[in-house]
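K.L.:
This is the structure, below, for whatever I ask next.
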Amino acid sequence: DAKTTQPPSMDCAEGRAANLPCNHSTISGNEYVYWYRQIHSQGPQYIIHGLKNNETNEMASLIITEDRKSSTLILPHATLRDTAVYYCIVRVASGNFNKFYFGSGTKLNVKP
Amino acid sequence: KAGVTQTPRYLIKTRGQQVTLSCSPISGHRSVSWYQQTPGQGLQFLFEYFSETQRNKGNFPGRFSGRQFSNSRSEMNVSTLELGDSALYLCASSPRGDTEAFFGQGTRLTVV
């Protein structure tokens with residue numbers, strides 16, 4: 001699975017959009033980009049994933065660059081409850097047997 | 001739909017003892033994987049089970065073992081506990097293991 005690089009921390013004002021970047025310059029054509037978050041001492045929560053097209057669900061939007069070497073997770077209106085560590089993970093579509101490599105992630109601090 | 005359920009939520013054991021943790025996956029999910037989370041090492045993959053068979057294993061000593069039952073429920077066992085085994089143990093379920101996984105709240109194990 002390709003490695004990812006994320007900033008260690010970011011701040012965001014409550015009510016504003018939070019844009020979390022992720023670099024995955026060695027991504028292969030059959031690798032998906034996944035985002036999870038972990039609120040303190042809880043289990044990681046699935047947010048969204050995509051292959052090459054931009055994706056949106058009720059939680060967030062995922063923007064993947066055309067060359068697929070980087071992506072951005074967008075939380076459109078951040079709230080205090082969005083304060084968490086956000087993990088960007090790249091992995092192949094099959095044969096990985098429910099295995100995710102969690103790096104250090106980005107600690108998002110949403111401030112009032 | 002009920003989420004992933006892990007029991008117990010908290011556990012305190014003494015060095016040298018053994019412990020068994022339980023995970024009930026989301027109904028219909030056949031893949032169950034286990035992770036260990038510590039402040040120093042982050043989230044690390046332990047192993048994955050699918051249809052009662054271990055398909056993948058992380059880099060942990062043989063003191064860590066698991067099994068899966070015909071109803072997809074899974075248990076993990078740690079024998080001869082060491083202080084370093086103190087961690088949050090997380091279970092994640094997925095329909096087949098090749099898509100997004102959903103995590104439980106974890107079991108907080110403290111070894112004294």
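The values are calculated or read from the model by the stated rules, or taken from the named source; none is laboratory data. Everything numeric in this text was worked out from a predicted model, so none of it was measured. Ideal geometry is used to build each Cβ from the backbone, glycine not excepted, and the neighbour counts take in all protein chains shown.
K.L.:
For region B:29-46, which residues satisfy the criterion of being under 19 Å from residue B:102 (Cβ atoms) and either of a type in the set (Lys, Arg) or more than 9 Å from every other protein chain (Cβ to nearest Cβ) (or both)? Let's see the steps before the verdict.
P.N.:
Residues of region B:29-46 under 19 Å from residue B:102 (Cβ atoms): B:29-37, B:43-46.
Passing the criteria: B:29, B:30, B:34, B:36, B:46.
K.L.:
Which number in (1) surrounded by fewer than 19 Cβ atoms within 10 Å (Cβ to Cβ); (2) touching a strand residue (DSSP E or B) at 6+ places or on another chain (Cβ under 8 Å); (3) at pLDDT below 95; (4) within 10 Å of chain A (Cβ to nearest Cβ) marks the one condition that residue B:108 misses?
P.N.:
(3)
K.L.:
Give, as residue ranges, the strands (runs of 3 or more DSSP E) completely inside chain A that count at least 2 residues that are away from chain B (no Cβ under 14 Å), over 12 Å from the mean Cα position of the chain (by Cα) and within 30 Å of residue B:36 (Cβ to Cβ).
P.N.:
Result: A:9-13, A:106-111.
K.L.:
For residue A:104, all conditions in the list (1) over 25 Å from residue B:96 (Cα atoms); (2) of a type in the set (Gly, Ala, Ser); (3) crowded, with 16+ Cβ neighbours inside 10 Å hold save one; what is the number of the exception?
P.N.:
Checking residue A:104 against (1) over 25 Å from residue B:96 (Cα atoms); (2) of a type in the set (Gly, Ala, Ser); (3) crowded, with 16+ Cβ neighbours inside 10 Å, the one that fails is (3).
K.L.:
Separate question: Go through region A:19-44 and give me each residue that's crowded, with 16+ Cβ neighbours inside 10 Å and more than 14 Å from residue A:71 (Cβ to Cβ).
P.N.:
Within region A:19-44, A:37, A:38, A:43, A:44 qualify.
Residues are listed down the side, and each one gets a yes or a no for (1) within 10 Å of the chain's Cα centre (by Cα); (2) under 19 Å from residue A:89 (Cα atoms):
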site: B:5; (1), (2): no, no
site: B:13; (1), (2): no, no
site: B:45; (1), (2): yes, yes
site: B:58; (1), (2): no, yes
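K.L.:
So if I check each of A:58, A:66, A:14, which one is surrounded by fewer than 21 Cβ atoms within 10 Å (Cβ to Cβ), over 22 Å from residue B:97 (Cβ atoms), in contact with a Pro (Cβ under 9 Å, 6 or more places away or on another chain) and acidic (Asp, Glu)?
P.N.:
After ruling out the rest, the residue left standing is A:14.
K.L.:
Can you tell me how many residues within region B:83-97 are facing chain A (nearest Cβ under 8 Å), out of contact with any Pro (no Cβ under 9 Å at 6 or more places or on another chain) and either surrounded by 23 or more Cβ atoms within 10 Å (Cβ to Cβ) or free of Cβ contacts under 8 Å to residues at least 24 places away in the same chain (or both)?
P.N.:
Counting residues in region B:83-97 that are facing chain A (nearest Cβ under 8 Å), out of contact with any Pro (no Cβ under 9 Å at 6 or more places or on another chain) and either surrounded by 23 or more Cβ atoms within 10 Å (Cβ to Cβ) or free of Cβ contacts under 8 Å to residues at least 24 places away in the same chain (or both) gives 1.
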